[in-house]
Amino acid sequence: MTAAGSQEVLPTVYLETTIVSYLTARPSRDLVVAAQQEVTRTWWAGALPRFRPFISPVVLEEASAGDPEAARRRLEAISSFAVLPIEPGVEELAGRYYEAISLPGRARADSLHLALAAWHGVDFLVSWNCTHIASGRVRRILESVNRELRIRMPEICTPHELMEDEDDS
């Protein structure tokens, strides 16, 4: 509670599918992926409670794919999160992003993740997809498109970038 008696408003975060995938996956033998999995688990337990998390129908669809047991774990982990709707404006914005970023066909869903977070005014989009989402090149392109369209740009980052050192408080 704040001094005025109202509840504190938490910043919002859109969780792209790689986050829940890294959280629930078996430990990887790849050292980089294993480190990202550990960062994700630490972020999920320590930092995520300081945000209002959102997902989308795209996340639900992607999380449902593949091995049934792995899909069950992913869906269970995100079952309590609010789902942002895909409105007509979201699809139009995703198309604009898709063209501007020059994404390959298999990455069309990535433009939807980006558009959902921007359209709904989410504060942060968190992802381990450092090729099509959490990339400096993509951020620069989106800033230009969003400036032209007068759409507020969410901060796009990895879980590591949203962690706070407990000793800093």
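Seen from all sides and averaged, what is the projected area of the convex hull of the Cα atoms in the chain, in nm²?
Answer in nm², one decimal: 11.6.
Please list, in order along segment 10-24, the HN-Hα scalar couplings obtained from phi with the Karplus expression 6.51 cos²θ - 1.76 cosθ + 1.60 (θ = phi - 60°), rounded to whole Hz, x for Gly and Pro.
For segment 10-24, the Karplus curve yields 7, x, 9, 9, 9, 9, 6, 4, 4, 5, 5, 5, 5, 4, 9 Hz.
Just to check I understand the Karplus step: with θ = phi - 60° and J = 6.51 cos²θ - 1.76 cosθ + 1.60, what whole-Hz values come out for segment 67-80, glycine and proline as x?
Those phi angles translate into 3, x, 5, 5, 4, 4, 5, 4, 5, 5, 5, 10, 4, 8 Hz.
Assigning unit charges at the beta carbon (Lys, Arg +1; Asp, Glu -1) and nothing else, what dipole magnitude in debye, to the nearest 20, does the chain show about its Cα centre?
400
Of the options S21, P11, F124, report the single residue whose Cα projects farthest towards the positive end of the charge dipole of segment 1-133 (beta-carbon charges: Lys, Arg +1; Asp, Glu -1).
Going by the charge dipole, the pick is S21.
With r as the distance between the Cβ atoms of S28 and R152 and R0 = 45 Å, compute the FRET efficiency 1/(1 + (r/R0)^6) and round to 0.05.
Result of the calculation: an efficiency of 0.80.
Taking amide H positions as placed 1.01 Å from N in the peptide plane, with prolines and chain starts having none, which residues 5 or more places from A134, or on another chain, fall under 5 Å of its amide H?
Those lying under 5 Å, H to H, from A134 are N129.
Could you tally the net charge around S127, taking each other residue with its Cβ under 11 Å from the Cβ of S127, Lys/Arg +1 and Asp/Glu -1?
-3
Compute the longest continuous run of the chain that contains no exposed GluC sites (Glu not before Pro); treat a site as exposed when its DSSP state is not H, G, I, E or B and it has at most 12 other Cβ atoms within 10 Å.
Value returned for the longest uninterrupted segment is 9-163.
Could you work out the relative contact order of the chain, using alpha carbon pairs under 8 angstrom and six or more residues apart, expressed as a whole percent?
26 percent.
Take every Cα pair under 8 Å in segment 50-137 that's 6+ residues apart, average their separations, divide by the length, and report that relative contact order as a whole percent.
Relative contact order comes out at 26 percent.
No lab work stands behind these numbers, since they all come straight from the coordinates. Everything numeric in this text was worked out from a predicted model, so none of it was measured. Quick reminder, even Gly has a Cβ in these numbers, built from the backbone with ideal geometry, and neighbours come from all protein chains shown.
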